[in-house]
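Taken together, the values in this text are just the output of simple stated rules run on the coordinates, not laboratory data. A quick note: this is a predicted structure, and the numbers were derived from the prediction, not measured. Methodologically, a virtual Cβ is constructed for each residue, glycine included, from the backbone with ideal geometry; neighbour enumeration extends over all protein chains shown.
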Amino acid sequence: MTDQSAPAEPAPRDLPFTVDLRRIHLAVGWIAFGLPLSLIAVSQLPTVCFHDSISHFYFSPVGGDILVGALSFIGLLLVGLYSFDAVGCAGARRWTWKDILAIRVAGIAALLVAFVPTAGTGCARAEAEGARAFLTGTNGPSFDFWAVLLGREEATGLPIDTVHYGAAGVMFLILAYVVLRVFTRVNSEAAERDGNRKGLRNACYRVLGRVILGVVAVLGIKMAVGAVAPDFLRFWNRLNLTFVLEAAGLFAFGLAWMIKGRVLPVFEDAAARAQPRAA
């Protein structure tokens, strides 16, 4: 005869920890939001100058490590965060395989931005002091990462700027699509019940997604105008406007993912909140 008074043993768990998708969203959001702020802080060091763009911090001490580390973290999570099996499950009921594929492409693009740097440092002082390891060629400095990696004396001729900025454009465009078209869908039962905050979240997503698109559009115009008007490009770089716009895009992306992770209680649906215990 068994002892009925003995407490039941808890059911075994597959893992000794829980995987919370919202915390992952928060992590991606905080990393994206904090990247420009971290680089601004690093630029105050005596050996680091304020580069023309976030990408150019690749060639700075400490800043390059922060940039590559942050983009690698975001890129790898985007590649592996969502599974095609997640389509239709609770919380992702209206997702499609195309959404998952697009997010994975954005992750690959983020990795390309991290590991295919620009063809220059974006800072005259850095070219003289901080980037000797990247210099190649004897007919003037060439910041060809792949030539140095392969041990070549001359530049490879690879269009690394085209790859870098093309990947950055693809990444931001896909992230804007995700914020504007994927995050705004009704994907959970909690978002359909009374007390939901889906309208508030969607209003934020639409503003932030449009900020990302605006950043891409302005940077595209800048590149087109700068190709035929060097004086305009010098004026633009003197004000570090590329850095400012890229920072705005990263802030918008980061905030959208933090809202997706319910960074503040105001964004949480009533049906998803912990209910008080009965007296």
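Quick notes
- For region 163-279, the relative contact order works out to 38 percent when only alpha carbon pairs closer than 8 Å and six or more residues apart are counted.
- Once backbone amide H atoms are built at 1.01 Å from N, ILE54 has PHE243 as its partners under 5 Å, excluding neighbours fewer than 5 places away on the same chain.
- Within the shell of other residues whose beta carbon sits under 11 angstrom from the beta carbon of LEU208, the net charge comes to +4, with Lys and Arg scored +1 and Asp and Glu -1.
- Peptide ranges 253-260, 34-41 listed from the most packed, as the mean C-beta count within 10 angstrom indicates: 253-260, 34-41
- Within straight-line reach of LYS98, meaning a Cα separation under 28 Å, sit the following lysines at least 8 residues removed in sequence or on another chain: LYS198, LYS260.
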